[in-house]
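S.K.: First the structure, then my questions, so here it is.
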Amino acid sequence: MIVFVRGEVAELAENHVVIDNNGIGYEIFMPSSMLACLRQGEEVRIHTYQHVKEDAMQLFGFLTKGDMQVFQLLIGVNGVGPKAGLGILSALSTDELRFAVLSDDAAAISRAPGIGKKTAQKIILELKDKMDLQDAFEQKLMHQQDAQADAGADLAVHEAVQALTALGYSNSDALRAVKQLGGMDDMDAEAILKAALKKLI
């Protein structure tokens, strides 16, 4: 069982990454939101779930062990395979999925490609007892802190991203625009917002 792969990002595609580990290229399928965080040539460690079936053996990858555990819970639901699980985690972050399950928000889950309302309700029914509200809040807080630290960001950056999404930009576009800015340490949320808007217009 391959539980993680460490190596250099050799290739990035729409639904997978190729990691070069000592000259061997591992094709790893990942949610699009996580693929967007990777950069060609960087050294990464990807947590993997190895899916074996009669005609294929595939690796599904995640940036954290927690994300992978949520994926494993998803594919444990009858009727949700690895491809559908990946689609759900491309449409929703693991934090968003936890809150959707705990708040009975089938509409949020059914936004994922190929997931109807009936399947979304089944996911909620089967996973609700396996997820804890306190844990969901702690995980979300930890992820926000990690994301801010990774970007060298503080509360001002977070507020600027929220303001951009309120203006109608997607979360990924807002984050990308803010990440392109340099020297944000002395900028407040308004200054970051104005500079990011120039990148987006």
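The values are calculated or read from the model by the stated rules, or taken from the named source; none is laboratory data. None of the values given here were measured: they were computed from a predicted structure. We place every Cβ from the backbone using ideal geometry, glycine too, and count neighbours over all the protein chains shown. Remember, those area values only see protein heavy atoms, side chains included, never the ligands or the DNA or RNA. Shrake-Rupley method; radii C 1.70, N 1.55, O 1.52, S 1.80 Å.
S.K.: Mind checking segment 46-137 for GluC sites (Glu not before Pro) that DSSP puts in a loop (not H, G, I, E or B) and that have at most 12 other Cβ atoms within 10 Å?
M.R.: Values: sites: 54, 96, 126; in loops: 54.
Qualifying residues, ordered by number: 54.
S.K.: Go through segment 161-168 residue by residue and turn each phi into a ³J(HN,Hα) via Karplus (6.51, -1.76, 1.60, θ = phi - 60°); whole Hz please, and just put x for glycine and proline.
M.R.: 5, 4, 5, 5, 5, 5, 7, x
S.K.: To the nearest 20 Debye, how big is the dipole of the chain about its Cα centre, given +1 on the beta carbon of each Lys and Arg and -1 on that of each Asp and Glu? Could the numbers behind the result be given before it?
M.R.: Working: 19 positive and 28 negative charges, 131 e Å.
Approximately 640 debye in magnitude.
S.K.: Then there is this: Rounded to a whole number, what % of the accessible area of the chain do carbon and sulfur atoms account for, probe 1.4 Å? Numbers along the way, then the final one.
M.R.: On the way: 5760 of 11500 Å².
Within the chain, the accessible surface is 50 percent carbon and sulfur.
S.K.: If you don't mind, there's one more thing I want to ask. Need one word for segment 16-71: rounded, prolate or oblate. Basis is the Cα gyration tensor (sqrt eigenvalues a ≥ b ≥ c); a/c below 1.5 gives rounded, then a/b vs b/c decides.
M.R.: Verdict is oblate for segment 16-71.
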